1. Scan region 78-126 for residues that are of a type in the set (Lys, Arg), in contact (Cβ under 8 Å) with a residue 60 or more places away in the chain and over 20 Å from Gly20 (Cβ atoms) and jot them down.
2. Could you check region 51-73 and list, in sequence order, the residues that are within 22 Å of Arg35 (Cα to Cα) and surrounded by fewer than 17 Cβ atoms within 10 Å (Cβ to Cβ)?
3. What number of residues within region 141-165 are small (Gly, Ala, Ser) and closer than 14 Å to Ser74 by Cβ?
4. Report, by residue number, each residue of region 25-59 that is basic (Lys, Arg) and either more than 19 Å from Arg158 (Cα to Cα) or touching a residue at least 40 places away in the same chain (Cβ under 8 Å) (or both).
5. From the residues in region 115-144 that are in a helix (DSSP H, G or I) and of a type in the set (Lys, Arg), which one is surrounded by the most Cβ atoms within 10 Å (Cβ to Cβ)?
6. I'm trying to understand the selection: among the residues of region 18-50, which are surrounded by fewer than 17 Cβ atoms within 10 Å (Cβ to Cβ), more than 30 Å from Thr132 (Cβ to Cβ) and either over 26 Å from the mean Cα position of the chain (by Cα) or of a type in the set (Lys, Arg) (or both)?
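Please treat every number below as a calculation from the coordinates, not as lab data. What you see is a predicted model; the values in this text were computed from it and never measured. Every residue, glycine as well, gets a Cβ built from its backbone with ideal geometry; the counts of neighbours run over all protein chains shown.
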Amino acid sequence: MSGRKNNSPGILNIIPGYKGYKAKESRRDEDKQARLALAREYDLIAQRLTDAQGELVRAQQFAAISNVERLERSLRRFTDRLRTATYGYGGLFSERSIDEHALDQIAAFDHALGDGVDKLGQSVEDLVAAATKGADLSEATRATQEQIDALNRRFDLRTEAINSGNLVEDEPMFPNLKPEKQADRAGEIFPPPPAPTQQAGSTAPQQPATNPTTTTPTSSAETEAEVDAEMAARQAKQQSGQQ
């Protein structure tokens, strides 16, 4: 790709002092540096679209020039947004404490915008290559414009998170950054008791021994019959002794 290197995954990593807005006193500078670094990368892609128009003129592919020109204008509007965005003193830049999930989400938006550099750059190169060959550009133009639109929506959400200082709810890009709902954490708050474990070399606790013989309760009628029989036996014994 002419004019730029494929180093976008490290764009934010090479910004001096960028630490994902953890330090309150450096947040405004980190935001500015991140936006300017991203704008420079996307400016290179916009310049590639500008250069491509000259290539198409030389290749006499005049029908494709308008498509490329529209994409260039759209992308330059996005880079202008990156470069000139301004924020007040609320939200991320207020003195209040900012939730860690919100800070992580803003940093994730930054990294997502950085990841989009190579993806968009490759789409532009593919489109220019197809244009110089006289291929139909309708699908490639649509796909590239959708990527630019997605970048704008991503930046809108980032702006919302910065201005509010809160987590952007219902954001499908980063579901793992959302705090768990209280109901979903029931198992964490009240965990079930752990199952007993048996250590190596130890024997399992013995259960209390039970008497295999059981006593069947007798009714009162049976008890009286036994007493009468015993008394009759004694009387018979006494009578035999007297004889």
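1. Arg81
2. Arg73
3. Number satisfying all stated conditions: 2.
4. Arg27, Arg28, Arg35, Arg48, Arg58
5. Ranking the candidates gives Lys119 first.
6. Residues satisfying the conditions are Lys19, Lys22, Lys24, Glu25, Arg28, Asp29, Lys32, Leu36.
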